[in-house]
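Student: Here it is, the structure in full.
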Amino acid sequence: MIEITDLTKRYGNKTAVDGLSFNVHPGRVTGFLGPNGAGKSTTMRAILGLDRPHGGSVTVNGRAYVGLPRPMREVGALLDARAVHPRRTARNHLLCIAQTNGIPAKRVDEVLQVVGLESVARKRAGGFSLGMGQRLGIAVALLGDPKVLLFDEPVNGLDPEGIKWIRELMRGLAAEGRTVLVSSHLMSEMAQTADHLVVIGKGKLIADIGISEFVRQGSNVLVRADDQERLAAELTEAGGTVLPGADGALIVTGLEARQVGKAALDAEVVLTELTPQRSLEQAYMDLTRDSVEFQASAA
Ligand code: ADP
């Protein structure tokens with residue numbers, strides 16, 4: 001379990017993380033989603049004690065990372081896969097890290113197998129492709145068999161096979177009861193990997209929500225009417241599912257906007273609002289529109 005409470009981090013006069021609070025629970029993949037520059041890496045660095053926050057606190061399994069007696073056995077992280085000595089072989093790279101952290105050498109061979117690098121274990125890491133480098137970075141994260149794992153944009157630049165492999169690995173780690181936090185700026189990527197989403201923008205929390213709830217939100221019709229009770233009955237009759245929404249609105253699933261309009265007509269109810277909720281990608285863009293630091297202008 002990771003607990004982040006009121007975390008604030010500034011670089012000069014730029015506030016990268018601004019009073020951020022959320023928890024990351026074991027047994028599920030938590031997607032850490034936000035546009036580039038939102039503060040995801042800064043938050044992950046703070047979890048690992050690599051950045052000193054200006055305010056707030058971060059604990060891993062109830063303790064600050066810097067106070068952990070055997071940090072690699074508690075938290076594994078893939079932050080920057082290029083942080084490898086290019087002339088060192090993959091196996092030696094892992095052996096060095098294992099040795100300085102009191103991890104037995106046989107664990108090195110185990111993780112090489114887990115990430116599928118056994119056949120190139122004695123090759124220099126400098127000659128590795130991006131995907132192989134990423135696998136080596138993940139091997140480092142797994143070395144101490146930690147209960148908590150952080151992956152910062154792990155699928156960046158990978159081919160579809162590599163992406164599928166990483167997704168399955170993360171799901172497997174969560175299924176073993178580990179705490180898995182994975183960042184991405186792509187909603188589509190998170191929708192296929194995460195069970196839970198923490199969405200941030202400009203260093204602030206935007207949403208902390210289960211993926212199924214988020215998906216449900218993405219394909220609804222929000223409706224308000226002068227006689228909601230009558231409309232709800234008609235909508236149910238028409239095959240829709242009606243749930244109470246915010247401020248007395250009705251949230252309808254299983255019917256398109258047009259069918260909702262038709263049901264209102266049949267029931268002779270006056271609609272005061274009829275809003276189709278957007279797709280997942282659109283919902284994410286709407287959520288973060290005001291917090292996107294940099295938007296490329298159309299060419
Ligand atoms: P993300 O990982 O979501 O893309 P970051 O945490 O990398 O976002 O960055 C958040 C903000 O902090 C950005 O505006 C970024 O430019 C700024 N920032 C991050 N690291 C530094 C640094 N070392 N020095 C100055 N500014 C930084």
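The values are calculated or read from the model by the stated rules, or taken from the named source; none is laboratory data. If you're wondering where the values come from, they're calculated on a predicted model, not measured in any experiment. Reconstructed Cβ throughout: ideal geometry from the backbone, glycine too, with neighbour counts over all protein chains shown. Note: areas computed on protein heavy atoms with side chains; ligands, DNA, RNA excluded. Shrake-Rupley method; radii C 1.70, N 1.55, O 1.52, S 1.80 Å.
Student: Would you list which lysines come within 22 Å of Lys202, measuring only between C-alpha atoms, while excluding same-chain residues fewer than 8 positions from it?
Tutor: Partners within reach: Lys9, Lys14, Lys40.
Student: Now a separate question. For region 219-278, rounded, prolate or oblate, judged on the Cα gyration tensor with a ≥ b ≥ c (square roots of eigenvalues), a/c < 1.5 rounded, else prolate if a/b > b/c?
Tutor: Judged from the Cα gyration tensor, region 219-278 comes out rounded (a/c under 1.5).
Student: I would also like to ask the following. Quick one: net charge of Met72's neighbours, Cβ under 15 Å, K/R +1, D/E -1?
Tutor: Net local charge, Met72 excluded: +3.
Student: Just to be sure I understand: with springs between alpha-carbon atoms less than 10 Å apart, which residue in Lys202, Lys106, Lys147 has the highest mean-square fluctuation in the Gaussian network model of the chain?
Tutor: Lys106
Student: On to the next question. Taking all protein chains as present, what is the carbon and sulfur share of the accessible area of the chain, in % to the nearest whole number, probe 1.4 Å?
Tutor: About 49 percent, which is the carbon plus sulfur part of the accessible surface.
Student: Something else about it: Just want to confirm a number: the relative contact order over the chain, from Cα pairs under 8 angstrom separated by 6+ residues, in percent.
Tutor: 22 percent
Student: For the chain, modelled as a GNM with alpha-carbon contacts under 10 angstrom, which of Ala121, Ala90, Ala246 fluctuates the most?
Tutor: Ala246
Student: Using only the Cα atoms of the chain, build the gyration tensor, take square roots of its eigenvalues as a ≥ b ≥ c, and label the shape rounded, prolate or oblate: rounded if a/c is under 1.5, else prolate if a/b is larger than b/c, else oblate.
Tutor: prolate
Student: What is the local net charge at Trp165, summed over the other residues whose Cβ is closer than 12 Å to its Cβ (Lys, Arg +1; Asp, Glu -1)?
Tutor: Combined, the nearby Lys, Arg, Asp and Glu give +1.
Student: Provide Rg and Dmax in Å for region 123-185, with only Cα atoms included in the calculation.
Tutor: Rg then Dmax for region 123-185, in Å: 11.9, 35.
Student: Taking amide H atoms as placed 1.01 Å from N in the peptide plane, list the residues 5 or more away in sequence, or in a different chain, whose amide H sits under 5 Å from that of Gly210.
Tutor: Residues meeting the criterion, in which the H sits 1.01 Å from N, are Leu197.
Student: Hey, another quick one. Which of rounded, prolate or oblate describes region 145-276 when judged by the alpha-carbon gyration tensor and an a/c cut-off of 1.5?
Tutor: prolate
Student: What net charge is computed for the residues neighbouring Glu118, neighbours being all others with C-beta under 12 Å from the C-beta of Glu118, Lys and Arg scored +1, Asp and Glu -1?
Tutor: Charge balance near Glu118 sits at +2.
Student: Could you do me a favour and compute the accessible area per residue for the chain, 1.4 Å probe, result in Å²?
Tutor: 50 Å²
Student: So, one more: Is it possible to state the helix-based mean residue ellipticity at 222 nm for the chain, with each DSSP H run of 4+ residues giving -39500 (n - 2.57), the sum divided by total residues, to the nearest 500 deg cm²/dmol? What is it?
Tutor: -10500 deg cm²/dmol
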